[in-house]
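Novice: Below is a structure I'd like to ask you about.
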Amino acid sequence: MATQKQQQQQQQQIQKVKNSGLISVNGSPVREDKEEEMAKSALTMFRAKEEEIEKKKIEVRDKVCAQLGRVEEATKRLAEIREELETLSDPMRKDVAFVRKRIDTVNKELRPLGQNCQKKEREYKEALEAFNDKNKEKAQLLSKLMELASESEKLRMKKLEELSKNVELLR
């Protein structure tokens, strides 16, 4: 807003200088000294405004440079903090990565072992079943053998008794 006022004042001064040659005071032309003085005054004002603008420009540039310096310092500090954070978390990341890889390796080793275990378990169950079947068969055969032996003994005893009776009858 201040710049608009300054621009309006500057335009008014320039307009006065332009019109000064055309305006007459009490019917007589304005003296050249006054024209020259007004031109100098307008030029001086213009130069003063230019200097003021230049000063403000330099001030703004200095402020921007100072701010950029602070931003650069903050950026450096943030980069240092980031590096520190990365170094703090790096050992844990490496350990975690190592443990995860080890878990994957063990899982890969477990799969075939589990399959092998299941296969062996099935084979064991089949072998146990076959063993139990053969044991039952053996028990049945032993039972049959005992039965046959007992029956054979009875028959032989019966035969012996008959023979014994026959021998006694002959006597």
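Novice: If I model a spin label as a point 7 Å beyond the Cα along the Cα-Cβ vector, how far apart are those points for Glu84 and Glu32 in nm?
Specialist: Here the answer is 7.7 nm between the modelled labels.
Novice: Mind listing the Cα extents of the stretch 96-137 along all three principal axes, in Å, largest one first?
Specialist: Reported extents, whole Å, longest axis first: 59, 11, 5.
Novice: Right, here's the next one. Quote the FRET efficiency, to the nearest 0.05, computed for Leu155 versus Glu129 with a Förster distance R0 of 30 Å and r equal to the Cβ-Cβ distance.
Specialist: 0.20
Novice: Quick one: length gained pulling Glu162 to Phe98 fully straight, 0.36 nm per residue minus the C-alpha distance?
Specialist: 13.8 nm
Novice: Roughly what angle does helix 2-20 make with the longest principal axis of the chain, taking Cα atoms, 0 to 90 degrees, to the nearest 10?
Specialist: 30 degrees
Novice: Any idea what the dipole of the chain comes to, in debye rounded to 20, about its Cα centre with Lys/Arg Cβ at +1 and Asp/Glu Cβ at -1?
Specialist: Computed charge dipole of the chain: roughly 720 debye.
Novice: Considering only Leu141, Ala127, Val71, whose Cα is most displaced toward the positive end of the charge dipole of the stretch 68-164, charges sitting on Cβ of Lys, Arg (+1) and Asp, Glu (-1)?
Specialist: Sorting the options by dipole projection puts first Leu141.
Novice: Let me ask another. According to a simple spin-label model (label point 7 Å from Cα along Cα-to-Cβ), what is the distance in nm between Asn107 and Met146?
Specialist: Label-label distance for Met146 and Asn107, simple model: 5.8 nm.
Novice: Quote the FRET efficiency, to the nearest 0.05, computed for Thr75 versus Glu54 with a Förster distance R0 of 25 Å and r equal to the Cβ-Cβ distance.
Specialist: 0.20
Novice: What number, rounded to the nearest 500 deg cm²/dmol, is the helix-based mean residue ellipticity at 222 nm of the chain, given -39500 (n - 2.57) per DSSP H run of at least four residues and division by all its residues?
Specialist: Taking each H run of at least 4 residues, the total per residue is -35500 deg cm²/dmol.
Novice: Restricting attention to the alpha-carbon atoms of the chain, what are Rg (one decimal) and Dmax (integer), both in Å?
Specialist: In Å, with Rg to one decimal and Dmax whole: 62.4, 204.
Novice: Please work out the C-alpha center-to-center distance from the stretch 48-86 to the stretch 134-155 and express it in whole Å.
Specialist: Measuring centre to centre over Cα atoms gives 111 Å.
Computed from the coordinates by the stated procedures, all read-outs in this text should not be read as laboratory data. Source: prediction; values computed, not measured. All Cβ positions, glycine included, derive from the backbone under ideal geometry; neighbour counts span all protein chains shown.
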